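Asks: Can you read through this structure? Questions will come right after.
Quick note: the coordinates plus some simple rules give every number you see, no bench work behind them. Because the structure is a prediction, the values reported are computed rather than measured. As a convention, Cβ positions derive from the backbone with ideal geometry for all residues, glycine included, and neighbour counts pool all protein chains shown.
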Amino acid sequence: MTVKFVFSLRLSVLACACATSSALWAEPAVVFDMGGKFDKSFNEAAFNGMEKWKKETGKNYLEFEISNESQREQALRRMAERGASPIIGIGFGQASGIEKVAKEFPKLKFAIIDMVVNLPNVQSVVFKEQEGSFLVGTMAALASKTGKVGFVGGMDIPLIRKFQCGYEQGAKYANPKTEVYANMTGTTGAAWNDPARGGELAKAQFAKGADVVFAAAGGTGIGVYQAAKDSGKLAIGVDSNQNHLQPGTMLTSMLKRVDVAVYNVAKAHTPGVAVLGLKENGVDYALDQHNAKLVSADMKKKVEAAKADIISGKIKVADYMADNACKY
């Protein structure tokens, strides 16, 4: 049995399990990216959005979790061949696949999260990650006792530099003397799912004096949060609210509302580009029972003030991807 046949068979089984043939043609589909739909971060946020849509509508959807990068385009095409619409690609890595398949199936609707594909049947959703990262950077500097904070990114790409740049700006806004250490996990897709390496990088930053580390690294962040707990330091989660993963040492999480984006696409596909920032409730920081004791009233007041100033335009957060550099 060839790999291609096994892959096709798996998608066929998924299609049968997800819908009856009479309803299949109107159902949406989602192709999760590397790390799996239960990565407790980016993919899982997308999954939660689809599950909300499913619960509200009573309808089903097709799904596929890729295990290697070569499966992206193939998975998208198989969904299109089954008439699914809209077909939602999760992550910037789906861009080339979406572009090719959307051209082949112009009557179907497609969407991509975290990248722009300019085609008449594609909806692109991108975020102002720098704005949410600014807020958690502000909180990190306010919580730090050493004046040193850290950042652990996943794959070294402009998008993750965008998180880092926003974080640095927020930290410097709260305390201009703050030192920010930053490391990327790797240069391939494997960087999103390497908790051991994430833990090593965090420990190295703690050893240099950092006492708060922000992880924007998908599943790799799990290792960062464990290292923070083991070291008696603080960590900051990303994408989903991850405060519950290590309650008591998770200072906050930078929320990137991929769940809202995916839900909205499934509910009402609108071709074009949607940009979600603080003003659009597309990014934010998390405050709940798991981190309430770590965030003082004064810290919250200062972060909320920064949030209001960003929304009003008083504070303009530099976007790394606009300049391909962190200019602020």
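Asks: Calculate, in nm to one decimal, what A268 and N68 gain on full extension: separation in residues at 0.36 nm each, minus their alpha carbon distance.
Replies: Fully extending the segment from A268 to N68 adds 69.0 nm.
Asks: To continue, here is another question. For I311, I236, what ranking results if the residue with the fewest other Cβ atoms within 10 Å of its Cβ goes first?
Replies: In increasing order of surrounding Cβ atoms, one gets I311, I236.
Asks: Could you tell me the center-to-center distance, by alpha carbons, between segment 169-184 and segment 99-137 in angstrom?
Replies: 30 Å
Asks: Note down, for segment 171-309, the three equivalent ellipsoid semi-axes (square root of 5 times each alpha carbon gyration tensor eigenvalue), biggest first, whole angstrom.
Replies: Semi-axis lengths for segment 171-309 are 26, 21, 15 Å.
Asks: From the phi angles alone, apply the Karplus equation (6.51, -1.76, 1.60; θ = phi - 60°) to segment 42-57 and give each ³J(HN,Hα) in whole Hz, x where the residue is Gly or Pro.
Replies: 5, 4, 5, 5, 5, 4, 4, x, 5, 5, 5, 4, 4, 5, 6, 8
Asks: With everything on Cα atoms, drop me the angle between helix 129-143 and the longest principal axis of the chain, reported from 0 to 90° to the nearest 10.
Replies: Value to nearest ten degrees: 30.
Asks: For each of C165, C326, count neighbouring Cβ atoms within 10 Å of the residue's Cβ, then give the residues from fewest to most.
Replies: C326, C165
Asks: Kindly express, to the nearest 10 degrees and within the range 0 to 90, the angle between helix 195-207's C-alpha long axis and the longest C-alpha principal axis of the chain.
Replies: Helix 195-207 sits roughly 10 degrees off the main axis of the chain.
Asks: How many angstrom lie between the Cα centre of segment 219-248 and the Cα centre of segment 307-328?
Replies: Between the Cα centre of segment 219-248 and that of segment 307-328, the gap is 26 Å.
Asks: While we're here: Give, to the nearest whole percent, the P(r) tail of the chain beyond 38 angstrom, counting all Cα pairs.
Replies: The proportion of pairs with Cα distances above 38 Å equals 16 percent.
Asks: Now a separate question. Using modelled backbone amide H atoms (1.01 Å from N, in-plane), which distant-in-sequence or interchain residues come within less than 5 Å of Y285's amide H?
Replies: Counting only residues 5 or more places away or on other chains, the set is L255.
Asks: How much length, in nm to one decimal, is gained on full extension between D288 and K327, taken as 0.36 nm per residue of separation minus their Cα-Cα distance?
Replies: Fully extending the segment from D288 to K327 adds 10.7 nm.
Asks: Can you flag which of K59/K109; K100/K128; K128/K233; K103/K128; K233/K302 are past 24 Å Cα-Cα?
Replies: Listed pairs above 24 Å: K100/K128; K128/K233; K103/K128.
Asks: Let me ask you something else. What's the angle, to the nearest 10 degrees (0 to 90), between helix 297-312's Cα axis and the longest principal axis of the chain?
Replies: The answer is roughly 50 degrees.
Asks: Can you put V31, V317, V275 in order, fewest other beta carbons within 10 Å first?
Replies: Ranked by crowding around the Cβ, least crowded first: V275, V317, V31.
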